[in-house]
Amino acid sequence: MLTSIPGCRTQRNTLNQYGTEEVDITVANTRADNGLRMLPDFFLVECKNWTTPVDSTTLGYFVNVLADRGCELGILAAASGITGNQEHRSRAFNIGTNALIRRIRVLVITADDIRRLRGPEDLIELLHSRNLLLTAHGGIHLG
């Protein structure tokens with residue numbers, strides 16, 4: 001669906017030059033007027049279609065991949081969400097909050113979020129809303 005958003009170009013399943021880190025989706029975003037204007041020029045997407053929530057170790061690894069690639073934004077598509085409690089910022093929520101100190105933003109979307117999408121416009125709205133909530137709440141927020 002990202003490729004159907006105006007101004008987005010993607011590259012899938014890319015290894016770094018050492019073969020130690022794989023990125024599921026790399027997005028180049030030209031910030032088209034009807035696209036992802038609130039998101040940076042480049043960001044990464046990690047996809048975890050797991051039946052259990054993504055744990056703090058996995059999220060921490062993704063934050064490090066973002067830092068290694070010089071990206072200030074990552075989208076974690078975690079089918080079952082992440083571990084912990086967003087109100088108390090425990091477990092994976094804590095990792096996401098601490099990433100902000102490193103100037104790295106992580107937006108989490110779940111399988112339920114994806115099922116509600118009717119088209120690219122809905123994805124644009126979801127990502128912009130999650131980005132706003134991240135700023136307003138100071139940590140990962142699932143709506």
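The values are calculated or read from the model by the stated rules, or taken from the named source; none is laboratory data. Keep in mind it's a predicted model, so treat the numbers as computed, not measured. Don't worry about glycine lacking a Cβ; one is built from the backbone with ideal geometry, like all the others, and counts go over all protein chains shown. The area values use the complete protein model at the heavy-atom level, side chains included, leaving out ligands, DNA and RNA. Shrake-Rupley method; radii C 1.70, N 1.55, O 1.52, S 1.80 Å.
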**Item:** Breaking point among (1) open to solvent by 30 Å² or more (accessible area, probe 1.4 Å); (2) under 21 Å from residue 32 (Cβ atoms), for residue 94
**Value:** (2)
**Request:** Taking the options 58, 30, name whichever one is over 16 Å from the mean Cα position of the chain (by Cα) and either at pLDDT 95 or above or open to solvent by less than 90 Å² (accessible area, probe 1.4 Å) (or both).
**Result:** 30
**Scan of the stretch 97-127 for residues that are open to solvent by 20 Å² or more (accessible area, probe 1.4 Å), farther than 14 Å from residue 77 by Cβ and not in a helix (DSSP H, G or I), ordered by number** = 103, 105, 118
**Message:** What's the number of the only condition in (1) part of a loop (DSSP other than H, G, I, E, B); (2) among the hydrophobic types (A, V, I, L, M, F, W, C); (3) surrounded by fewer than 18 Cβ atoms within 10 Å (Cβ to Cβ) that residue 39 fails to meet?
**Reply:** (3)
**Message:** I want to confirm something. Restricting to the stretch 5-27 and keeping residues that are closer than 24 Å to residue 111 by Cα and part of a loop (DSSP other than H, G, I, E, B), which single residue is most open to solvent (accessible area, probe 1.4 Å)?
**Reply:** 6
**Asked** Which condition does residue 93 not pass, out of (1) outside any loop (DSSP other than H, G, I, E, B); (2) of a type in the set (A, V, I, L, M, F, W, C); (3) within 19 Å of residue 27 (Cβ to Cβ); (4) in contact (Cβ under 8 Å) with a residue 40 or more places away in the chain, if it passes all the others?
**Response** (3)
**Message:** Looking at the stretch 124-135, I want the residues that are in contact (Cβ under 8 Å) with a residue 60 or more places away in the chain and have a partner that is surrounded by fewer than 17 Cβ atoms within 10 Å (Cβ to Cβ) and not acidic (Asp, Glu) with Cβ atoms under 6 Å, at least 6 apart or on another chain. Which pairs are those?
**Reply:** 128/38; 131/38
**Item:** Hits in the stretch 6-22 (condition: at pLDDT 95 or above and not polar (S, T, N, Q))
**Value:** 6, 7, 8, 9, 12
